Protein chains: 4
Amino acid sequence: MVKRIDLNCDMGESFGAYVIGDDAGMLELVTSANIACGFHAGDPVVMRRTIRMAKEKGVSVGAHPSFADLYGFGRRRISGERPEDLETQLIFQIVAMQGMAALEGHPMTHVKTHGALGNMAAVDPDLAALCVRAIRAVDPGLIFVTLPYSETFRAAEKAGLRVACEIYADRSYTDAGELTPRSQPGAVIHDPEQSLAQVLEMVVNGHIPTTGGKRLPVSPDTLCIHGDTAGAVAIARRLRSALEENGIAIAPFAQA
Amino acid sequence: MVKRIDLNCDMGESFGAYVIGDDAGMLELVTSANIACGFHAGDPVVMRRTIRMAKEKGVSVGAHPSFADLYGFGRRRISGERPEDLETQLIFQIVAMQGMAALEGHPMTHVKTHGALGNMAAVDPDLAALCVRAIRAVDPGLIFVTLPYSETFRAAEKAGLRVACEIYADRSYTDAGELTPRSQPGAVIHDPEQSLAQVLEMVVNGHIPTTGGKRLPVSPDTLCIHGDTAGAVAIARRLRSALEENGIAIAPFAQA
Amino acid sequence: MVKRIDLNCDMGESFGAYVIGDDAGMLELVTSANIACGFHAGDPVVMRRTIRMAKEKGVSVGAHPSFADLYGFGRRRISGERPEDLETQLIFQIVAMQGMAALEGHPMTHVKTHGALGNMAAVDPDLAALCVRAIRAVDPGLIFVTLPYSETFRAAEKAGLRVACEIYADRSYTDAGELTPRSQPGAVIHDPEQSLAQVLEMVVNGHIPTTGGKRLPVSPDTLCIHGDTAGAVAIARRLRSALEENGIAIAPFAQA
Amino acid sequence: MVKRIDLNCDMGESFGAYVIGDDAGMLELVTSANIACGFHAGDPVVMRRTIRMAKEKGVSVGAHPSFADLYGFGRRRISGERPEDLETQLIFQIVAMQGMAALEGHPMTHVKTHGALGNMAAVDPDLAALCVRAIRAVDPGLIFVTLPYSETFRAAEKAGLRVACEIYADRSYTDAGELTPRSQPGAVIHDPEQSLAQVLEMVVNGHIPTTGGKRLPVSPDTLCIHGDTAGAVAIARRLRSALEENGIAIAPFAQA
């Protein structure tokens, strides 16, 4: 059987006069776009333009909600608000993106949490359940893009929400199957060869190689492509080519 | 035939810890609620709570979009952005409110523009047409609450968009049928008796009495009730009682 | 010797059209005003008006900085930004308030951290030291209003920064001398008599009565008066009268 | 006598994770930096970093205030707020920048209004006077960078505020001495040779060449260098070199 993987990228993160990322360039390469919803990044004009470009390129679109925190770009860890209020903020972002995508005739397929919210929910069962409730409240048919061996993965499975299992090329994994925290040495894989080998191991052989030498089972659906670093498009292009040369088909998980 | 009128009020204008207006009190009295969409006021938590309260009281809900201007509360006149960008901002607000209302099982019925945007569009044919396009892009079945003898009214009629004709109790009208600008003497009617008489003249007899002594034909659908002034609920209660005592039925235009 | 205490109150928390608190009423009663700096609340117009009113009433003014978080009103706990960036944000707020006060001819005397930042710094030595550095960077002559038995108190003393020791009338204290967390029973003292007794014990006898029955030494300089609750001015008036009737002089710490 | 000109550039316009312009590169070339104050762009961290870099390069720093409008980057025309409120907003921005610059030991020398505010004030005597009052309220020794033949220039002269007369290389001038509006053909000069010729005519001969063929007297102090366009640094470098080759000394107006 031909092995396949989706390539997803966060985008639509520009705001007013502020531009982040080469969304047009990245849309030539990825198969799923996670679009910011105006809370940590993005605005209606950016959202609409990004949805239109994605539709034109046949790229699936999803909501990429986070904390209400433009200044922190969703990277600041925020706590202390009532859980039901955070849930409503997520619902709003998902509803709004779904509505904008529907207007453009390009129905939204998935949701991926952004930044600090994603990191916090991955290890906090309550926050993970909150995210799953928010998605299901909007549309139980949506796919939740999340990491394997995470609380969000478990919460989605428990609630019967469809999950797209997301892997990273340039991050190492702990023996628990989690991303090695960036604060630790070896968290980021800088060597393109090593990145490719890790992805092939996960996609072809179904194993996560861990820093402790374990091999954890995984069924990856999508590979995270970074969009906001220098040379992001070129890096993505090389990675995509390498995957294809190794016989991996690139296709949206949402149409799998 | 029994004469009837809807009472509409702007609400959902609180933001985070900031509270404006007694929405719960006003929802006991009005029949249509225009809910802020988070751009000039409001936030997702406030939107959802207001929709839920309105549903409980059987009050119709509508989107109340404006400029992206929380600091100015939508009262600052803003120009210079690309018309298509402003249109997209309005679409976003209407889509988001419609989605939130749908989630609560209380479908949105109408749209009313807020503050400076409403004032500017009332006299600017291009801006009026832009507002009408934004509403129709989301849902051509939505009702546009707008003033008689305004560019917005004309633009809606031209585009075949259903209009709810809105009148004011406490504002005088020029011979052109427009609200007398607040900068002019006599713009605001402070006497409750005079306010009531004006409303009855408009609702019962179908005439707008103007400052120049004219009587312009009008078919009012809804009366604007102010929610953000001191004693707003008490004033609204007296006005509603007086209307009922004069044989006017109070009912939502959206169900008319 | 006559015992004396300052009364401080957070104010200037309105924003644009949004009003919080009866600042004019409270300025009749307190002796020190902690004014929001536009990050979690407040804006330049509110800042200037509050400074002017405070000057007129002879009330000392201080900066009341917090996280950049208008939506959360500074009550959300925020982490994950670079410490030097947070320090610069605090410096900015203190510098701006000092500049505005200087323009009005009413030199700023003190700084008190707001909300979540204050709570977090009280128990985090690094964050406490950061706050102290920010204040000293602007002006080492400023007084830091902070709780006894807190990390902020210790950090200020260590750095040689003058401290105004702040006590609460309506909050109980743990055996460690800290405020009982609001999540615990008995954290808030609702009985005015008990509140008054606690204040007198602290001001007259120099002891903090703790929930475990201890009596910890304290030299209070200022009593926190809440401004954003219903009936705040009436509560403050009664407390001030009761203190005066018990022979306590009410005077700004900054002139002590 | 050697002719001299200052080169000024707007910078410090990044916000949080959003980067605009190559400030470090531009600071190698210009002699005065107009730094955004956090209302239309910029934040405390960006302000401080920009001031430090400017100090290191010996570049004068000034405040670059505008409307409170991050979404519109200060390019949206905003009206309808009370003039005294806008004045206070400008004062706040100037005070805050002055305070931050003072902390860094690099005293602020000037003020230049940004974007829509600048354009509006240039042709509106009331708004021009408001800007001048705001600057003088903070420090009457500050220099106001403004266009010749503008209301701001006139208002500054009338109030005795020192002016730095600013010219453009890539914009044509009307017979009234104003910049040709961008909406009109020929407003922007795309040819580098023509740009250089215009600057030399203004700096060396003291004449503004107008689109109607007039030559209006001018005593330019500073030339506006754009920082937010593609290749801005390269364009600025070529222009600076060309000026120097033509015997023009490049020096800050603030030290003139």
**Complete:** In the structure shown, of B:K57/B:K214; A:K3/A:K214; D:K3/D:K158; A:K112/B:K158, the pairs separated by more than 32 angstrom at the C-alpha atoms are B:K57/B:K214; A:K112/B:K158
**Request:** Please identify, among B:V203, B:V19, B:V59, the residue showing maximal mean-square fluctuation in a Gaussian network model of chain B using a 10 angstrom Cα cutoff.
**Result:** B:V19
**Mean separation of Cα contacts under 8 Å (6+ apart) over length of chain A, as relative contact order %** = 22 percent
**Given charges at beta-carbon only (K, R positive; D, E negative), |dipole| of region C:72-114 in Debye** = 300 debye
**Asked** Roughly what % antiparallel, to the nearest 5, for the DSSP beta bridges in chain A?
**Response** 20 percent
**Complete:** In debye to the nearest 20, the charge dipole size for region D:103-240, taken about the Cα centre with +1 at each Lys and Arg Cβ and -1 at each Asp and Glu Cβ, equals 140 debye
**Request:** Report, in deg cm²/dmol and to the nearest 500, the calculated mean residue ellipticity at 222 nm for chain A, where each DSSP H run with n ≥ 4 adds -39500 (n - 2.57) and the sum is divided by the residue count.
**Result:** -12500 deg cm²/dmol
**Message:** Using Cα springs under 10 Å in a Gaussian network model of chain B, which residue among B:G141, B:G213, B:G42 shows the largest mean-square fluctuation?
**Reply:** B:G213
**Prompt:** In terms of the Cα gyration tensor, with a ≥ b ≥ c the square roots of its eigenvalues, is the protein assembly as shown rounded because a/c is under 1.5, prolate because a/b exceeds b/c, or oblate?
**Reply:** rounded
**Calculated from backbone phi, Karplus (6.51, -1.76, 1.60) coupling profile of region C:53-60 in Hz, x at Gly/Pro** = 5, 5, 4, 4, 8, x, 9, 5
**Prompt:** About the Cα centre of region C:4-255, what is the dipole size in debye to 20, counting +1 per Lys and Arg Cβ and -1 per Asp and Glu Cβ, all else neutral?
**Reply:** 180 debye
**Item:** Identity and axial distance of the chain C residue whose Cβ lies nearest the axis relating C to A, Å
**Value:** C:I78, 3
**Prompt:** Between copies, how far does the label point of C:G231 sit from its twins, in nm, shortest first, when each point is 7 Å from Cα along Cα→Cβ?
**Reply:** 2.4, 6.8, 7.2
**Request:** Under a 10 Å cutoff between Cα atoms, tell me which one of B:H207, B:H190, B:H114 has the largest fluctuation in the Gaussian network model of chain B.
**Result:** B:H190
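Counting other Cβ atoms within 10 Å, keep those with at most 15, restrict to DSSP loop, and tell me which trypsin sites (Lys or Arg not before Pro) in region D:204-239 are left.
Within region D:204-239, the qualifying trypsin sites (Lys or Arg not before Pro) (loop, at most 15 other Cβ atoms within 10 Å) are D:K214.
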**Fill in**
Expected integer from the mean partner chain Cβ neighbour count at 10 Å over D:71-83 is 6
**Asked** What percent antiparallel are the DSSP beta bridges of the protein assembly as shown, to the nearest 5?
**Response** 20 percent
**Item:** Over chain B, equivalent-ellipsoid semi-axes from the Cα gyration tensor in Å
**Value:** 26, 22, 18
**Asked** Averaged over A:97-110, how many beta carbons belonging to a partner chain fall within 10 Å of each residue's beta carbon?
**Response** 3
**Cβ-defined net charge surrounding D:P209, 9 Å radius [Lys, Arg +1; Asp, Glu -1]** = +1
**Request:** Compute the signed sum of charges (Lys and Arg +1, Asp and Glu -1) over the other residues within less than 11 Å, Cβ to Cβ, of B:H226.
**Result:** -2
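Coordinate-derived values only; no laboratory data. Because the structure is predicted, anything quoted here is derived from the model rather than measured. Counting neighbours? That spans all protein chains shown, and the Cβs are built from the backbone with ideal geometry, glycine included.
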